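Worksheet for the structure shown next.
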Amino acid sequence: MASVMFEVESHVALVRLDLDDDRFDRSALEALTAVAHEIRSRTADIYSVVVTSGADFGSGWSDDALAEDVIAGLPLIGAAFDAVAAITQPTIAAVRGEAGSAGLELALACDIRVAAAGARFSMPETSLGIVPRGGGTQRLPRAVGRAHALRLLLSGEPIDAAEALRIGLVSDIAADGSADEAARTIAITIASRGPIATRLAKEAVHRGAELPLADALLAELDLTVILQTTADRAEGVQAFVEKRPPRFENR
């Protein structure tokens, strides 16, 4: 049975998926949803998150998941990825091997994606006569733009890590075997910043992406006002004046 390992060290949560045959089945989705909800509830001690998997990040859905009737009353199979996307702390996907179909959709639910040099990305559903069911048709164009997204969605052909970097699907390429370490380095850097500020910065980007610019700027201002009421913001200013590293307390 698939499982999701979860541990926290130095305010960084590591989520490691152990998938059966590198595919997402109902047990993996339920476990991932539970972990995502727990992380979201633990802003007091979790400041950033790394999501990783086995030799492949995920090569698709299990046969049983694909066969499920979307009107059968079960939670939609993409709901687990929605739960990951709803995590308030910054999330980093460490992608190696195949990230196809559901694997790519999970990566898209994360804020930052780091690819191993040998990673490959694809959305092959149209070759099966279906469309993506885990948010791929919506998150992919938001990540890389409509033209690149349609090329991947309509052709179903894979791209390598270099092409993924070129189109903005990933932000960094690490040597094979080093993707987890590279993602954790980013997560540690984020965790060293003001945790309230990083959560609000993420919220500002995601909220603003769905709004006209004028409304998005007002939303940014609202979040800035909220941040100014925090002790961490005052500590950041004081540390700057005193030319020392800030000591954030997440309050």
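Observations on the structure shown:
- Flag if Ala147 is loosely packed, with under 15 Cβ neighbours inside 10 Å, in the same structural domain as Leu14 (by TED's automatic domain parsing) and not in a strand (DSSP E or B): yes
- Qualifying positions in region 164-188 - at negative phi and either touching a Leu at 6+ places or on another chain (Cβ under 8 Å) or part of a loop (DSSP other than H, G, I, E, B) (or both): Leu169, Val170, Ser171, Asp172, Ile173, Ala175, Asp176, Ser178, Arg184
- Residues of region 109-151 satisfying the condition of being among the hydrophobic types (A, V, I, L, M, F, W, C), touching a Phe, Trp or Tyr at 6+ places or on another chain (Cβ under 8 Å) and closer than 22 Å to Ala79 by Cα: Ala109
- Within region 187-201, the only residue that satisfies the criterion of being touching a residue at least 24 places away in the same chain (Cβ under 8 Å), more than 19 Å from Leu14 (Cα to Cα) and within 17 Å of the chain's Cα centre (by Cα) is Leu200.
- Scoring Val131 on the criteria (1) within 15 Å of the chain's Cα centre (by Cα); (2) part of a loop (DSSP other than H, G, I, E, B); (3) surrounded by fewer than 21 Cβ atoms within 10 Å (Cβ to Cβ); (4) among the hydrophobic types (A, V, I, L, M, F, W, C) leaves a single failure, condition (1).
- Selection status of Arg139, modelled with pLDDT of 95 or more, farther than 14 Å from Asp22 by Cβ, over 10 Å from the mean Cα position of the chain (by Cα) and crowded, with 19+ Cβ neighbours inside 10 Å: yes
- Just one of (1) crowded, with 16+ Cβ neighbours inside 10 Å; (2) among the aliphatic types (A, V, I, L, M); (3) under 21 Å from Ala94 (Cβ atoms) fails for Leu227. It is (3).
- When region 189-230 is filtered for residues that are hydrophobic (A, V, I, L, M, F, W, C), under 18 Å from Arg142 (Cβ atoms) and in a helix (DSSP H, G or I), the ones remaining, listed by number, are Ala201, Ala204, Val205, Ala209, Leu213, Ala216, Ala219.
The values are calculated or read from the model by the stated rules, or taken from the named source; none is laboratory data. These figures come from a predicted structure and were not determined experimentally. Here Cβ is always computed from backbone atoms with ideal geometry, including for glycine, and neighbour counts include all displayed protein chains.
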